[in-house]
Structures are given as structure tokens and as C-alpha cells.
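I have placed the structure first, in the form of C-alpha cells, so that the comments after it can refer back to it.
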Amino acid sequence: MSKKWNVLQRITESGLVAVIRAENADQAKRITDACLKGGAAAIEITYTVPGASEVIEELAKTYSPDEMIIGAGTVLDAETARIAILSGAQYVVCPYLDVDALKLCNRYQVPCMPGVMTIDGVIKGMEYGADILKVFPGDAFGPKIIKAIKGPVPQANLMPTGGVNIDNVADWIKAGAVAVGAGGSLTGGAKTGDYDSIAKLAAQFIERINEARQSK
């Protein structure tokens, strides 16, 4: 199995991508540790974090691929995608459909998840080789958007981000999402230094994802 497919499989098996936005590198690392402690397999360091490339590089040196899948988020162009990959990112997430970033990631066999919200975006993303599509912003429509998209395009692998929280994560999974991205609803405790709450929430997210999958 290729590294690319291994990463995609690990993300879908876990079902949870922890989206990390932080005020500084130290906070980003502490949030990452808490998410990992709670059982989150995939961490997305966004490029709104100061020194994001250095954070990705340090995490890649600290944790083995078996321990954690490290990704780069809020990637707006191919140049940033390449920097992220060179820093150690194993997958790339964009807030919109950037064809050049998708092409670059395919060139290096790194999964790229572009942001989409329309059938047009879903089809284009799949045609350019996106294996998982980030439905963003998820709170614009809620879980019903997943079911609506999968009606005409059942083969689409969708991962909502934005608006996913512990109370509705089961609804997203039951609607057909292969995984979810959770940011502030998971990592909010960092604002008050309560990293234990992040670990507990990560565990709860995964538990509810598994329960929802079993009840489908």
C-alpha cells in the first residue's frame, strides 16, 4: 500500500481530523499533544499558526507516522503546499478548490483535500484527483448538505469542517461523511490553558463517530 493510501485509510478509520489554530507554536504543540492523548490520529496544523512550517517540521521529528498523521491546513496555493510537504506534512487541506495545489500534491503523491460547497466543486475536485473533499464551511447548511451532495454523487468522499461539534458529529457521520474536521469546538480549552478538556473531547468525538457508524 502506498503512503498516500495509508494516510487516507488512517484518516477515514479514525474519522476525526483535529484542526489546530493557535496563537503561537508552543500552544499549537500543546494542543497537538492533547488531541493525540485523546486518540485523534490526524492533526491539521493550519497556516494561520505563526511559524506553521516549523511546527509541522518539529512534530514530524517528534512523532513517527504510526503515532500521528500530520497535515497542513489553510493552504491557499501550490507554493505553500510544497513548503508544507517539505516540512513533513503528510496531507494538505485547502479552504477552497485550488487546482494548482491539487496538481502539485498529486505529483508528490500526497493527499489533498480541497474545500467545496457545490456539486460543481465536488465534481471538479474529483476530476483533479481529490480523494476526500472538505465540505466547507459546514455550518452554512449543516449535515443535510452531505446527504444532498451524495444523492447525485454517491461516490464522493466528504469531510465537513466548520460547524462540527460534539453534539452534531453523529449527524454528520450518519449523513454520509467519511470523516469530520473539528477546530474550535474541540480545541477551545486552549484559550484558558485547559488542555485536559481537549483530550477528553477528542476521545468523546471518536466514541460518537464509532457509535454513529455502527448505527448506520
From the Cα centre of segment 35-73 to that of segment 174-216, the distance in Å is 17 Å
For the chain, the percent of accessible surface on carbon and sulfur atoms (probe 1.4 angstrom, ligands and nucleic acids excluded) is 51 percent
With -39,500 (n - 2.57) per DSSP H segment of 4 or more residues and division by the full residue count of the chain, the 222 nm estimate, nearest 500 deg cm²/dmol, is -14000 deg cm²/dmol
In nm, the gap between the two label points placed 7 Å beyond Cα toward Cβ at Arg213 and Lys103 is 3.5 nm
Partnerless cysteines (no other Cys beta carbon under 4.7 Å) identified across the chain are Cys35, Cys94
With every protein chain kept in place and a 1.4 Å probe, segment 76-137 has an accessible area per residue in Å² of 41 Å²
Given a Förster distance of 22 Å, the FRET efficiency implied by the Cβ-Cβ spacing of Lys61 and Asn6, rounded to the nearest 0.05, works out to 0.65
Check: C-alpha center segment 130-155 vs C-alpha center segment 1-27, spacing in Å is 19 Å
Mean-square fluctuation maximum in Gaussian network of the chain, Cα pairs under 10 Å, restricted to Ala78, Ala140, Ala190, hits Ala140
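The values are calculated or read from the model by the stated rules, or taken from the named source; none is laboratory data. Since the model is a prediction, treat every value here as computed from it, not as a measurement. For neighbour counting, all protein chains shown are included, and Cβ atoms are generated from backbone atoms with ideal geometry for every residue, glycine included. Protein only, heavy atoms only, side chains kept; ligands, DNA and RNA dropped before computing areas. Shrake-Rupley method; radii C 1.70, N 1.55, O 1.52, S 1.80 Å.
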